[in-house]
Structures are given as C-alpha cells and as structure tokens.
1. Which trypsin sites (Lys or Arg not before Pro) in the range 45-74 sit in a loop by DSSP (not H, G, I, E or B) and have at most 10 other Cβ atoms within 10 Å of their own Cβ?
2. Once the piece of chain linking GLN270 and ARG101 is laid out straight, how much longer is it, given 0.36 nm per residue of separation minus the C-alpha distance between them?
3. Quick check: from the Cα gyration tensor, does the chain come out rounded (a/c under 1.5), prolate or oblate?
4. Based on the Cβ-Cβ distance from ASP247 to THR289, what FRET efficiency comes out when R0 is 22 Å, to the nearest 0.05?
5. Under 8 Å for C-alpha pairs, at least 6 residues apart: give me the relative contact order for the chain, rounded to a whole percent.
6. Between rounded, prolate and oblate, where does the range 27-112 land on the alpha carbon gyration tensor, with a ≥ b ≥ c its root eigenvalues, rounded for a/c under 1.5, else prolate if a/b exceeds b/c?
7. Calculate, for the chain, the solvent-accessible area per residue in square angstrom, rolling a 1.4 angstrom probe over the heavy atoms of the protein chains.
8. Suppose each label sits 7 Å from its Cα in the direction of the beta carbon; what would the ALA205-ARG176 distance come out to in nanometres?
Amino acid sequence: MTSPQHPIGSGFGAESTAADVIKGIDLAGRTAVVTGGHSGLGLETTRALRSAGATVVVPVRFPDRARDTLAGIDGVEIEQLDLMDPASIDAFADRFLATGRPLHILVNCAGIQNVPLTRDPRGYEAQFATNHLGHFQLTTRLWPALRRAGGARVVTVSAWAHHLSPVIFDDPNFERREYDGWLGYGQSKTANILFSVGLDRRGEADDIRGFSLHPGLIIGTNLSPWTTPEYLRTNDLVDEDGNRIIDPQSGRKTAEQGASTIVWCATAPQLDGMGGVYCENNEISPLLTSHDETVDVMTGRVETPVGVMSYAVDPQLADRLWDLSERLTGSTI
C-alpha cells in the first residue's frame with residue numbers, strides 16, 4: 001500500500017501562525033471541542049477557531065482557572081474533564097451528547113510531558129493514560145456526535161518525540177521495565193499518531209477523518225513543569241538570560257506558530273477527503289524509515305528533522321493499539 005505521507009504544497013510554512021491559516025475560513029454554525037483549550041497551544045487554537053465563528057467547548061480539569069484565561073474570548077463554553085479519570089470523561093461525553101449537537105472538530109490537545117512515574121487509579125502510567133488513553137476514550141464516547149456532523153475532523157497533537165519510542169505493546173505501562181520519562185512521553189506520542197491512523201480507517205465511511213501533528217518546540221506552556229532551566233539552555237531553547245529563542249525553521253516557535261498546524265489540520269480545505277496523516281509546519285510530513293544517526297534519541301536532546309517514523313503510521317500497529325486501547329478503557333465506537 002502506498003503511504004499517504006507526502007507533502008501537498010500547502011502554501012504555508014513553519015513561520016505561519018494560526019491566524020494565517022484560518023484566514024478566509026468560515027466556521028459559523030460549527031462546534032469544536034478543544035481539550036486543554038485554555039492555555040498554550042490549546043488557547044491559541046481556541047482563539048483561532050472562535051475567530052472563524054465556531055462555538056468552542058473547552059473541557060478542563062480546573063474550570064475556574066480556564067475562566068480567567070478565556071475571559072476575553074466570547075462564544076466559549078467551559079466544562080469539567082479530567083483525562084486521568086474515566087468517570088469524568090464519560091460524564092463530559094454524556095453531557096455533550098445530551099445536547100444533541102453535532103461535533104465538527106475535536107482537538108485532542110491536552111497533555112503532560114516527561115513526568116515522574118505516576119499512575120492513574122487503574123494503574124496505567126500517567127503519560128500513556130493522559131496523552132493517549134484519555135483521548136481515546138473521549139473520542140470513542142463522542143463518536144455519535146462526530147457522525148452526526150456529516151463531516152468531522154479529529155486532530156490529535158503528537159510531537160517529534162515519537163522518535164524516542166514506539167509503543168511497547170508488551171509493557172506499555174512500565175510494569176516490567178525501568179521507567180524513563182522521555183521514553184514514556186515518546187511512546188504516548190507514537191500512540192497519538194497510531195490512534196489517528198486507526199481512527200481514520202474506522203471513520204472514513206462516515207467522513208470522520210483523523211490527523212496528528214508535531215506543533216514545534218514551544219516554551220512557556222503547562223506541558224512539562226518539570227523541565228529544568230539547564231535542559232532549556234542546553235538544547236538552545238532559551239538564551240543565557242532565560243529568554244525564549246524563536247527560530248521556526250529549527251522548530252522553535254511561538255504558541256501562535258505552533259498552533260497553526262493544529263488549526264490547519266482541523267480546517268484546511270486542502271485536506272478534504274484526506275486523513276490518517278501526520279503533519280508538521282502546516283504540511284503533510286514525509287515518511288522516514290530510520291533514525292538520523294546524529295540524533296541521540298535516548299537523552300531527549302532536541303533535534304527535529306522533519307518526518308514521521310514508519311512505525312508510527314503502520315496500519316497493523318494502529319489496529320493493535322486500537323484493540324489494546326479498547327481493552328484498557330472498555331470504550332468502543
């Protein structure tokens with residue numbers, strides 16, 4: 001089978017912002033859900049979708065905090081949701097489905113990065129549980145609303161860090177291997193991509209299309225409060241004075257630039273009839289077959305050659321992950 005991982009000439013680039021890619025797009029009458037839509041990349045995504053006329057629902061763990069950051073944006077609904085709590089996910093989905101509204105855009109943006117070993121109440125490793133399983137359960141529970149839209153996109157925010165690890169199916173929750181926060185994060189980001197591949201195959205008949213993406217290296221979000229100043233300086237993410245280094249061509253972006261690929265995946269007419277692809281810099285990424293030997297994938301050293309690893313878009317592995325996710329969450333479409 002020919003891989004769909006081929007650039008299409010979007011006309012946008014690494015320096016483009018969310019405002020650039022949403023320009024001229026009308027989302028009036030459409031509804032979007034953006035997890036983590038109150039901060040960082042999620043906030044800029046919410047802002048862009050709302051600017052085009054969409055009603056945006058932002059489910060968050062702490063609604064009071066979200067009200068403060070979203071106060072200047074009208075047309076946003078704030079709901080409670082904890083991606084580590086299956087009951088909370090079901091409760092949010094039940095509330096949304098009860099409204100009878102179609103869901104045109106679902107952006108799975110919330111996440112955690114390189115955290116100390118933590119487990120959810122089921123015993124699942126926190127990064128796999130939050131970044132993948134929580135969004136898997138949320139998406140499958142919202143499937144009736146996605147189908148009702150008559151054309152929907154599910155955009156899941158992955159990362160270049162998928163290069164750090166495939167999904168270790170024999171031990172996804174670090175029960176029998178030594179825990180490493182970066183490997184756990186990398187595994188969860190590979191899972192995000194495989195999830196989009198599996199979702200697209202299952203949703204294509206109902207015009208529910210799945211996309212995943214790397215937004216870039218964005219400093220100043222809530223993704224990883226454990227990232228040290230030394231790490232940021234060592235990887236040229238901040239200068240000696242602690243100021244962010246912005247260089248879109250090397251992946252070091254502002255939040256507005258990072259959110260652009262999210263918004264592009266969610267709204268670009270160029271992607272109509274397409275899906276199951278991983279994107280970066282507002283473009284479909286090329287397919288890679290091996291690591292660049294100059295990249296040290298075990299240390300988290302920041303080097304970001306463009307491209308997606310073949311194990312992250314393998315349809316057979318996507319089906320294997322889908323089966324595992326159904327088993328771990330008990331949620332199906």
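The values are calculated or read from the model by the stated rules, or taken from the named source; none is laboratory data. Just so you know, these numbers come straight off a predicted model, no measurement behind them. As a convention, Cβ positions derive from the backbone with ideal geometry for all residues, glycine included, and neighbour counts pool all protein chains shown. Protein only, heavy atoms only, side chains kept; ligands, DNA and RNA dropped before computing areas. Shrake-Rupley method; radii C 1.70, N 1.55, O 1.52, S 1.80 Å.
1. none
2. The span from GLN270 to ARG101 would gain 58.3 nm if fully extended.
3. rounded
4. 0.20
5. 23 percent
6. Here the range 27-112 falls in the oblate category.
7. Roughly 40 Å² per residue, with all protein chains present.
8. My value for the distance between the label points is 3.6 nm.
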